[in-house]
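Read the structure below first, then the notes.
The values are calculated or read from the model by the stated rules, or taken from the named source; none is laboratory data. Remember, it's a predicted structure, so these values are computed and weren't measured experimentally. Backbone-built Cβ (ideal geometry, glycine too); neighbour counts: all protein chains shown. All accessible areas refer to the heavy atoms of the entire protein, side chains included, with ligands and DNA or RNA removed. Shrake-Rupley method; radii C 1.70, N 1.55, O 1.52, S 1.80 Å.
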Amino acid sequence: RDRTQQIIYDEVLARPEQDADASPIVWADGLDVPIFITFGGDDWPRLRRQAPAMVARIEDIGRVPVSWLELPGAGHFDTNQFCTDTGHPWVAEARRLVQGGTPARGRLAATPGAPDSRETASTGTELP
């Protein structure tokens, strides 16, 4: 664990058994709004593995649409910096959701101006 992760475990998740309760995937069955998952290409390794698993879980449940975006070169605390670039796909998808639109569904292209990409997730599941 890096220093930031250790602080989270020391101060927020003081007992190991709290870890599961803090994980979004345990709450996936109850989701009732569209979901947009974003993570950095240089994010914590555990989160880079968990994000596609969360996408797959939400899709398997099938109650809500899910879109996701990996931001190359971004660490865990860098991903929010993309919200200041009005031409970035992160902003377009967030705006679409906030305005009540239909999510793009699937993996979005991380390059501004590029068309949405419907690639195969690392889970091997074809995204719609």
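Observations
- Subset of segment 36-48 (residues that are out of contact with any helix residue (DSSP H, G or I) (no Cβ under 6 Å at 6 or more places or on another chain) and in contact (Cβ under 8 Å) with a residue 40 or more places away in the chain): TRP44
- Which listed residue, of ALA51, ALA74, is farther than 18 Å from GLY101 by Cα and out of contact with any helix residue (DSSP H, G or I) (no Cβ under 9 Å at 6 or more places or on another chain): ALA51
- Segment 40-85 - residue that is among the hydroxyl-bearing types (Ser, Thr, Tyr) and within 11 Å of the chain's Cα centre (by Cα) and, of those, nearest to THR4 (Cα to Cα): THR79
- Here LEU69 passes the criteria (1) more than 17 Å from ALA104 (Cα to Cα); (2) open to solvent by less than 40 Å² (accessible area, probe 1.4 Å); (3) of a type in the set (A, V, I, L, M) except the one numbered (1).
- When ILE61, ILE25 are checked against the criterion of being open to solvent by less than 80 Å² (accessible area, probe 1.4 Å) and either modelled with pLDDT under 90 or in contact with a Cys (Cβ under 9 Å, 6 or more places away or on another chain) (or both), ILE25 stands alone in meeting it.
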